[in-house]
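In what follows, a structure is listed as structure tokens, so that the remarks can point back to it.
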Amino acid sequence: MDVTQYTKNIPASLLAFVREVREHSPVPVLSIHVVGSVLTPDYQAEQSDVNSIFVIREPRTDFLDFLVSLGKRFGRQMVAPPLLMTEDYIQRSLDVFPIEFFNFREIHYTLAGDDILAGLELDPECLRLQCEREIKAKLLWLARIYLETLAENTRLSRALYNSITDYIPLFRAILFLIEGKIPQSAVEIVAAMESALKIDTQVFQELQIMKRKQAPLTDDDEVRHLYTNLYAATQLICDHVDKMES
């Protein structure tokens, strides 16, 4: 996925944060990578944190304390705490978190050091297995969130539309397994899921709109209709992934 056209989205605050780290870090930072929605058409500056990965030789408390001192300043500017990883951790974790590393590989931009994410090799069966695990976990979550919110309309519908953030990375991985490629925007990803799996994905489109507008539902019938459709669509995706061959 070509993200270069979206590097203009990277805010000055993150670049300033990276500059502070490179100039004043008490330990060497091997590479720094921007990841996530900031490098997609779906980025919303007023809502989305900016995420990054710092590859280091080893975790040390003096480095953590250094990042804490910066976080007090940059956290207010939508700069999320970076994920800290060693190269060894990355290589040993590809089979455990293949969806996460697949998304890092496909959507990243290297600000400093070697681009170690571009060459990550992922086992398709590990990727398929995590897709199955994640989509089945969504079914458990849907039942739990209904009970946790006591089916209160505003709380429940807000939880449902916020969940689209977790569905999209999963959909990317599923589409990659089926078609070997992924679209760029969330809207295109949902449409591609409908085409590839031959299911109705209207509910995911509705969730995207609700999240973008930050507009929870209040009507009993509307909320229950949304919930029922989301559960049904998730179950259909679960059935498909369960039968997939890598």
Sort out which residues of region 211-229 are within 23 Å of the chain's Cα centre (by Cα) and part of a helix (DSSP H, G or I), and write them in order of number.
K211, R212, K213, L226, Y227, N229
Grab the helices (runs of 4 or more DSSP H) fully contained in region 19-138, keeping just those with 3 or more residues being free of Cβ contacts under 8 Å to residues at least 24 places away in the same chain.
61-74, 87-93
Taking the criterion of being hydrophobic (A, V, I, L, M, F, W, C) and within 21 Å of Y43 (Cα to Cα), would at least one residue in region 124-137 satisfy it?
no
Taking region 173-196 and keeping residues touching a Phe, Trp or Tyr at 6+ places or on another chain (Cβ under 7 Å) and charged (D, E, K, R) leaves none
Do the conditions hold for F102, that is, is it buried (at least 18 other Cβ atoms within 10 Å of the Cβ) and closer than 25 Å to I164 by Cα?
yes
Given the criteria closer than 23 Å to M1 by Cβ, at pLDDT below 95 and either surrounded by 14 or more Cβ atoms within 10 Å (Cβ to Cβ) or among the small types (G, A, S) (or both), does A118 qualify?
no
When (1) touching a residue at least 40 places away in the same chain (Cβ under 8 Å); (2) touching a helix residue (DSSP H, G or I) at 6+ places or on another chain (Cβ under 7 Å); (3) assigned to a helix (DSSP H, G or I) are applied to R158, the one that fails is (2)
It is to be established whether one or more residues within region 166-188 are closer than 25 Å to T40 by Cβ, basic (K, R) and surrounded by fewer than 16 Cβ atoms within 10 Å (Cβ to Cβ).
yes
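The values are calculated or read from the model by the stated rules, or taken from the named source; none is laboratory data. Fair warning: this is a prediction, and the values are worked out from it, not measured in the lab. Heads up, the Cβs are rebuilt from the backbone with ideal geometry, glycines too, and the neighbour counts pull from every protein chain shown.
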